[in-house]
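The values are calculated or read from the model by the stated rules, or taken from the named source; none is laboratory data. Predicted, not measured: the structure shown is a model, and the values here were computed from it. Don't worry about glycine lacking a Cβ; one is built from the backbone with ideal geometry, like all the others, and counts go over all protein chains shown. Surface accessibility is based on the protein's heavy atoms, side chains included, excluding ligands, DNA and RNA. Shrake-Rupley method; radii C 1.70, N 1.55, O 1.52, S 1.80 Å.
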Amino acid sequence: MQKGLLWRQAPPAVFPVCLGVMGLGLAWRKASEILPVANQIGDLILGFATAYFLWFLALYLVKTLSRPKVVLEDLVQAPARAGIAAAAMCMMLLAAALMPLGIAVAQVWWCGVLLQIAASAAVCWAIWQEAPALRQFSPFQYLSFVGPVVGPIAGVPLGYVTESLLLTLAAFGAFVVITLGYGRRLLQAPLAVKMRPALVIFLSPNCLFAISFALLGFETGFWVFYWLSSLVALGFLVSAAWLTQGGWSPAWASFTFPVTAFVQVQIIAVQMGAGAPAMAGVFAGLALATPLVLIIAFRFAVEWITGELAEKTEAAIA
């Protein structure tokens with residue numbers, strides 16, 4: 001990348017990793033409720049996650065303000081669409097991270113909700129502008145349209161129960177449509193080796209629905225998605241060699257936020273009496289997620305600095 005273009009070509013593909021780091025901090029904070037670990041571990045990771053997210057968000061906002069049309073150009077790429085939606089999801093999770101501090105949490109949460117709605121609308125517009133032959137289902141659409149399901153994580157504790165329920169129901173409808181549509185597409189065409197990691201995104205909505213249903217008091221819904229997410233996670237674990245066969249690529253961001261959501265589901269299951277299997281899931285999840293997420297976050301930061309990330313994801317230039 002040419003000198004001076006570092007902020008002008010800020011790639012939205014980094015935001016799913018921000019989502020993963022934020023989720024890791026929340027997972028460690030919640031783990032302190034059932035394990036003899038200090039909650040400061042989670043707070044430390046959340047502090048890093050907040051700085052990591054806000055740094056990239058600030059740069060992307062500067063890029064956007066310098067030439068607003070650049071957002072529409074970014075939306076041509078499916079991973080960028082997911083990235084912009086992930087930024088809104090990060091904002092909602094930031095409210096959960098700030099909750100113990102009481103720092104304008106409600107305003108942060110509403111900012112995330114409104115950004116998620118705007119991101120979904122922008123992606124709809126981008127899809128509408130495409131040629132009909134290019135309109136295809138992809139796992140990246142889970143972030144764009146199922147992203148509102150993270151709302152209850154901070155929304156329910158803040159007292160926005162009805163709003164959280166509406167966000168969850170809207171996300172569930174999108175989840176069903178995308179899952180059926182993408183499942184059909186997979187049966188019709190082989191998946192590119194480099195894009196295999198994106199399949200792991202499917203784990204995330206299963207976990208997040210379990211979390212949201214637990215917070216909303218729908219115990220049956222929680223257990224349904226708890227077992228679904230556990231089976232999906234097991235399937236991806238045994239397929240790890242196949243998923244990573246294509247080597248490193250920006251699609252590895254797809255490994256970060258689903259595994260941290262999985263850990264949080266297992267912790268809730270322990271609290272709801274699932275016993276040893278869920279506790280094993282907590283230990284295994286933390287052992288896998290912690291180094292994986294932090295290594296990927298470091299790799300993305302390095303590639304952002306060198307400009308490789310922008311080039312690989314074809315980020316638009318302001």
Degrees, to the nearest 10: 203-216 long Cα axis against longest axis of the chain
50
What aspartates and glutamates does LYS30 reach when the alpha-carbon gap must be under 17 Å and sequence neighbours fewer than 8 apart in one chain are set aside?
ASP43
Rounded to whole Å², per residue accessible area for the chain with a 1.4 Å probe reads 43
Excluding same-chain residues fewer than 8 positions from LYS194, which aspartates and glutamates have a Cα within less than 17 Å of its Cα?
GLU308, GLU311, GLU314
In debye to the nearest 20, the charge dipole size for the chain, taken about the Cα centre with +1 at each Lys and Arg Cβ and -1 at each Asp and Glu Cβ, equals 520
Hydrodynamic radius (Kirkwood) for the stretch 167-271, which is based on Cα pairs only, to one decimal in Å:
14.5
Hits among aspartates and glutamates - C-alpha to C-alpha of LYS312 under 15 Å, sequence gap 8 or more where chains match:
ASP74, GLU303
Heavy-atom accessible area of the chain with neighbours in place, 1.4 angstrom probe: carbon+sulfur share in percent works out to 72
Give me the extension gain from GLN40 to MET272: residue separation times 0.36 nm, minus the current Cα-Cα distance, reported in nm with one decimal.
81.1 nm
